[in-house]
Amino acid sequence: MARANGKTALITGSTDGVGRMVAERLGQDGWHVLVHGRDRERGEQVIASINAGGGAAEFLQADISAIAEVRRLADAVRRTTKRLDLLINNAGIGSGGPQGTRQTSADGHELRFAVNYLAGFLLTDLLLPLLKTSAPARIVNVSSLGQQTLDFTDVMLTREYSGIRAYRQSKLAQILFTFDLAQELKGSGITVTALHPATFMNTKMVRDFGTPRSTVEEGALAILKLATSAEVEARSGLYFNGQEEARADAQAYDPQAQQELKRLSLELTGCQAVKL
Ligand SMILES: NC(=O)c1ccc[n+]([C@@H]2O[C@H](COP(=O)([O-])OP(=O)(O)OC[C@H]3O[C@@H](n4cnc5c(N)ncnc54)[C@H](OP(=O)(O)O)[C@@H]3O)[C@@H](O)[C@H]2O)c1
């Protein structure tokens, strides 16, 4: 039986892939786990698996491609728990393969940017007060080694669309956000880190268009290191490649690009920067 440790974690996109394994491991370690995804049936399966291991979990359903749904998810989190010690922004969609065509969200935003980056930006912003009252708390952004410089004249990729470019710019946006937020959160007791979990893990995203080259466990262990290890405790504004600290694309370190992305993100989500 898992022994409750009094801590609560929300893992977005934990109905499948690496997010699911991270949720199950946290459940085994006594965390109260908030499992999130679009599919209720898969969600209930993860809850059953965590409960069977003696853990405690709840499922929160939301399609976070839509801004309104991200807001609804944040409300549901606040209704479900009085504390949040860990937020893992993991939900994501892949490139759509070589033939992938440009898609937009309900809000008219380029879909990969909306799901992989903007949803995590907004969810984090909305949950910062709860994380703050639970501090020390951690935020982990599940990014990727696949990174492409953002062109601020065409973030919505209306010209020369490619799914790979869309995926990569969304993943780099997560890292710019991580580094900028780490500065903002100095002294708050909340740390924020980003990582590439592992290359071509055996998940749906990879199987849809390619051949897996690493296990889901490898990626899950890398995420868990940033989420729970003593080694990374109180360390913020870091990017890891698997279990090793690494350098991200140069744009991630550019304060002007970070500010430009924040300005755009606040405008697109219609939210105010939270002052802690
Ligand atoms: N696989 C790799 O090798 C690899 C490498 C580098 C980085 N990553 C990153 O790792 C993260 C997890 O990827 P994975 O490989 O585990 O993918 P996966 O198996 O396809 O799982 C993706 C998860 O995200 C959820 N999701 C997708 N779109 C959503 C939406 N609009 N609203 C709510 N939930 C949504 C899915 O929920 P549903 O059950 O509703 O579909 C699922 O739980 C992603 O951010 C990915 O970019 C993966």
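No value in this document is a laboratory result; all are computed from the given coordinates. Since this is a predicted model, take the numbers as computed values, not measurements. Positions of Cβ are backbone-derived with ideal geometry, glycine not excepted, and every protein chain shown enters the neighbour counts.
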Rounded if a/c under 1.5, otherwise prolate or oblate - the stretch 204-251, Cα gyration tensor axes: oblate
Selected from Ile47, Leu127, Ala2, residue furthest toward positive end of dipole (the chain; charges at beta carbon): Ala2
Span per principal axis, largest first, for the Cα atoms of the stretch 132-276 (Å): 43, 40, 25
By average C-beta atoms within 10 angstrom, highest first, the peptides 255-262, 87-94: 87-94, 255-262
Those aspartates and glutamates that a straight Cα-Cα span of less than 19 Å connects to Lys82, excepting residues fewer than 8 apart in one chain: Glu58, Asp125
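Rounded if a/c is under 1.5, else prolate if a/b beats b/c, else oblate: with a ≥ b ≥ c from the C-alpha gyration tensor eigenvalues square-rooted, which is the stretch 96-218?
It is oblate, given that a/c is not under 1.5 and a/b is not larger than b/c.
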Using distinct alpha-carbon pairs, which all enter the 1/r mean, Kirkwood radius of the stretch 1-108 in Å: 14.4 Å
Cα-centred dipole magnitude for the chain, charges only on beta-carbon of K, R (+1) and D, E (-1), debye, nearest 20: 440 debye
Within-14-Å neighbourhood charge of Leu86 [Cβ basis; K, R +1; D, E -1]: +3
The stretch 1-69 and the stretch 208-223: distance between their alpha carbon centers, rounded to Å: 19 Å
Highest-MSF residue in the chain out of Arg20, Arg247, Arg71 [GNM, Cα springs under 10 Å]: Arg247
Proportion of all alpha-carbon pairs of the chain beyond 35 Å (%): 8 percent
